[in-house]
Amino acid sequence: MFNNRTYRSILHSKTTIFNLLNLHLKISTIQPMEGIKFDNLALRVLPIDQVQENYVRTVSGACFSKVKPTPVKNPKLVAYSSDALKLIDIDEEATKDERQLAQVFSGNVLLQGMDPAAHCYCGHQFGYFSGQLGDGATMYLGEIINKKNERWELQLKGAGKTPYSRTADGRKVLRSSIREFLCSEAIFCLGIPTTRAGTCVTSDDYVIRDIYYDGNPKQERCTIISRIAQTFIRFGSFEICKTIDPLTSRKGPSVGRYDILKTLLNYVISTFYPEIEEKYKSKDEDKYSAFFEEIVKRTASLVAQWQCVGWCHGVLNTDNMSIVGVTIDYGPYGFMDRYDPSFICNGSDDSGRYSYKQQPSICKWNCGKLAEALAPLLPIEKSKLILNKFDEEYERVYMNKMRQKFGLIQKELETDRQLIDTFLNTLEMTGADFTNSFRTLSLIHLPNTKDFDESIRLFISTILDQCCDAEEWKFVNKSSVDERTYGILRSLAGTNTAILSQFGFSPELLENEERKRQKFKELEKMTNESKRKDDEKAWRSFLEIYIARLKKEIDGNNEQLNIKRIRTMKKNNPRMVLRNYLAQRAIERAEQGDYSEVRNLLKELKHPYEGDDQDTIDLPKPDETTIGAEALLPVPDTTQKHATGACLKPTIYESKAPSNACRIRVT
């Protein structure tokens, strides 16, 4: 038998062993992230809110408010981007511990050096000044100086309430978080400047959301993503000093505080535009002019690149425009499936203000609002002259990119714009897939090369498969508004447009509805055979123009030039993009607890230009009666056939979208 002293000795030894084990586990858990070096310059330079309590209020005299993330129950890692995490020195070894990633990037655990804060900014939303907005669900965690001596800001989105949450709860949900996580990385891999997404973490906490604002709320999981960028300062950050707006009677929370405006502007230039700071130093007006010209050009270049891949942002308010010219704030975005210049990706954009064709002019308009915000420091007469350079830069970047997409690498001709417009018009006329049709161009060889004739035959057969058939074309153009409701809306449009907006319509939307109805009447007698015949005629007409232009490229060794131009085209025409139906499929599985499709899709999106197509492109037409691997019985009613389910699910990422993908609504 042991005496009491022996028992105490054994128990003490066991306690010591357990403590040592726990310490070892703690060290091994934290060690991979210990080397992250935080240097929170923004919080040292820019004014901080003096009020410590976290409650919704107007925050004057400050650019940031200190906050703390609200913990979540049982955080679980949905997915992570190893490439993005490497920017902040989180290596592959650290990513093996998914529990650690979930704890840190849910906001449940703060690493040494993190100093959470919410940023104060304003914004023009849908053309009207909205006053104070700010980070209502986002938190700055700090700035990391990585091993390459690069500065990266780290944020959490969906981590809880801040003084800028207004009536919201500071949370984001699984579906919107997956969309932002995937698209941040997809846009980067397409070669377009963007913020990055490091992780997506969900939880067992829930919030109520009315997804379509139709009175049918449901519970959704609280989900947090980590975002990485040079900075998340935006155009709206400079609007906090704005005087009373004549239209909305709203003003910035720091109205008239031009000392703050100057501090913020000097911080942005010295930190993110060091070459301008170095060149002009104390010559303030010259420095501010050079900065404004640079951000105007970066913004013009950015939107030109969006247009070239058929991507729509959806909410191009001034508070969603980055001050360093990168894509920021992924909400109801969308890649076009069929080419439609009037494409609206945001289900809440009743007027079509942020449609695909409007994006360049809206981005220029936003630059004009930035000029107004900077007017106390940079005379508006000067900034307006600089703003005129937007169109020139946009056209330069757009045409350079388009020439690469068309394989025009030898010469730049004035008629190239007409060629591009003819291609786009043919896409629209035939209901062809935007992404796949551009990729199909690389099938066409140079005239007088050995495979030229065969390449033309292959192009025609492939491009026709990317066009809508007659039934799909009718479905796409069929009105979703019944005749009686349409009649009421028409009468309202002529008497009271304010009441019209109560029904979620605008004069512009009603005009689109009228065009759609007219189009549908024209299509009533169309058959698949007649449509394919018309489509072939249209594409052969385009080919005549394209081949004539290709002949002007020929110079010397045609075969070598052909190889070079096809390689260039494949590097500029992606084989796949993040289509809404692909994201929706991943979201639906994730909501059932299966995150595999989010991770699989991320892997595919990392290599958008790589494919096995050598002389042919395998872009199969999806079977409209297939959901997953389950074949449905043929449906005699074509309207029902194309409307089956929320989203059809072909298993090939490169496939053109199923017809009913156009019914996916994102708000």
Looking at this structure, is Lys521 buried (at least 21 other Cβ atoms within 10 Å of the Cβ), over 31 Å from the mean Cα position of the chain (by Cα) and either in the same structural domain as Glu185 (by TED's automatic domain parsing) or at pLDDT below 95 (or both)? no
Just one of Leu377, Leu385 is surrounded by fewer than 22 Cβ atoms within 10 Å (Cβ to Cβ), at pLDDT 95 or above and not in a helix (DSSP H, G or I); which is it? Leu377
Hey, could you check the range 456-485 for residues that are exposed (fewer than 15 other Cβ atoms within 10 Å of the Cβ) and of a type outside the set (Gly, Ala, Ser) and say which is nearest to Glu654 (Cα to Cα)? Arg457
Selection count where residues are among the hydroxyl-bearing types (Ser, Thr, Tyr), at pLDDT 95 or above and not in a loop (DSSP other than H, G, I, E, B), scope the range 93-127: 0
Number of the exception - Ala159 against (1) surrounded by fewer than 23 Cβ atoms within 10 Å (Cβ to Cβ); (2) touching a strand residue (DSSP E or B) at 6+ places or on another chain (Cβ under 9 Å); (3) assigned to a loop (DSSP other than H, G, I, E, B); (4) aliphatic (A, V, I, L, M): (1)
Give the residues of the range 51-69 that are among the β-branched types (Val, Ile, Thr) and surrounded by fewer than 21 Cβ atoms within 10 Å (Cβ to Cβ), sorted by residue number. Val51, Val56, Thr58
Among (1) under 27 Å from the mean Cα position of the chain (by Cα); (2) buried (at least 20 other Cβ atoms within 10 Å of the Cβ); (3) farther than 30 Å from Leu261 by Cβ, there is one condition Tyr394 misses while meeting the rest; what is its number? (3)
Residues in the range 162-183 that are outside any loop (DSSP other than H, G, I, E, B) and more than 11 Å from Thr199 (Cα to Cα) total 7
Which listed residue is crowded, with 19+ Cβ neighbours inside 10 Å, over 30 Å from Arg221 (Cα atoms), at pLDDT below 95 and of a type in the set (A, V, I, L, M, F, W, C), from Leu619, Leu633, Leu550: Leu619
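Let's see how each residue does on (1) among the β-branched types (Val, Ile, Thr); (2) at pLDDT 95 or above; (3) farther than 28 Å from Trp311 by Cβ:
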| residue | (1), (2), (3) |
| --- | --- |
| Arg417 | no, yes, no |
| Phe434 | no, yes, no |
| Arg439 | no, yes, no |
| Leu443 | no, yes, no |
| Thr449 | yes, no, yes |
| Glu454 | no, yes, yes |
| Asp469 | no, no, no |
| Asn477 | no, no, no |
| Asp482 | no, no, yes |
Which helices (runs of 4 or more DSSP H) sit wholly inside the range 407-518 and have at least 1 residues that are small (Gly, Ala, Ser)? 434-440, 452-465, 470-477, 483-495, 497-502
Among the helices (runs of 4 or more DSSP H) confined wholly to the range 241-320, which include 3 or more residues that are closer than 19 Å to Asn388 by Cα and not aromatic (Phe, Trp, Tyr)? 284-309
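Here is a yes/no grid of residues against (1) crowded, with 22+ Cβ neighbours inside 10 Å; (2) at pLDDT 95 or above; (3) over 9 Å from the mean Cα position of the chain (by Cα):
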| residue | (1), (2), (3) |
| --- | --- |
| Val303 | yes, yes, yes |
| Gln307 | no, yes, yes |
| Cys312 | yes, yes, no |
| Thr318 | yes, yes, yes |
| Met321 | yes, yes, yes |
| Val326 | no, yes, yes |
| Tyr330 | yes, yes, no |
| Gly334 | yes, yes, no |
| Tyr339 | yes, yes, yes |
Of Ile208, Ile192, Ile228, the only residue that is assigned to a loop (DSSP other than H, G, I, E, B), surrounded by fewer than 24 Cβ atoms within 10 Å (Cβ to Cβ) and either of a type in the set (A, V, I, L, M, F, W, C) or in contact (Cβ under 8 Å) with a residue 40 or more places away in the chain (or both) is Ile192
Going by the structure shown, is Asp210 modelled with pLDDT under 95, outside the structural domain of Tyr581 (by TED's automatic domain parsing) and closer than 28 Å to Arg57 by Cα? yes
Can you confirm whether Pro69 is of a type outside the set (Gly, Ala, Ser) and within 22 Å of Trp152 (Cβ to Cβ)? yes
Would you call Gln404 of a type outside the set (A, V, I, L, M, F, W, C), in contact (Cβ under 8 Å) with a residue 12 or more places away in the chain and either out of contact with any strand residue (DSSP E or B) (no Cβ under 7 Å at 6 or more places or on another chain) or surrounded by 18 or more Cβ atoms within 10 Å (Cβ to Cβ) (or both)? yes
Of the residues Leu424, Leu446, which single one is surrounded by fewer than 20 Cβ atoms within 10 Å (Cβ to Cβ), within 25 Å of Arg567 (Cβ to Cβ) and in the same structural domain as Leu510 (by TED's automatic domain parsing)? Leu424
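The values are calculated or read from the model by the stated rules, or taken from the named source; none is laboratory data. Predicted model only: the values in this text are computed from it and were never measured. Every residue, glycine among them, receives a Cβ derived from its backbone with ideal geometry; neighbour counts consider all protein chains shown.
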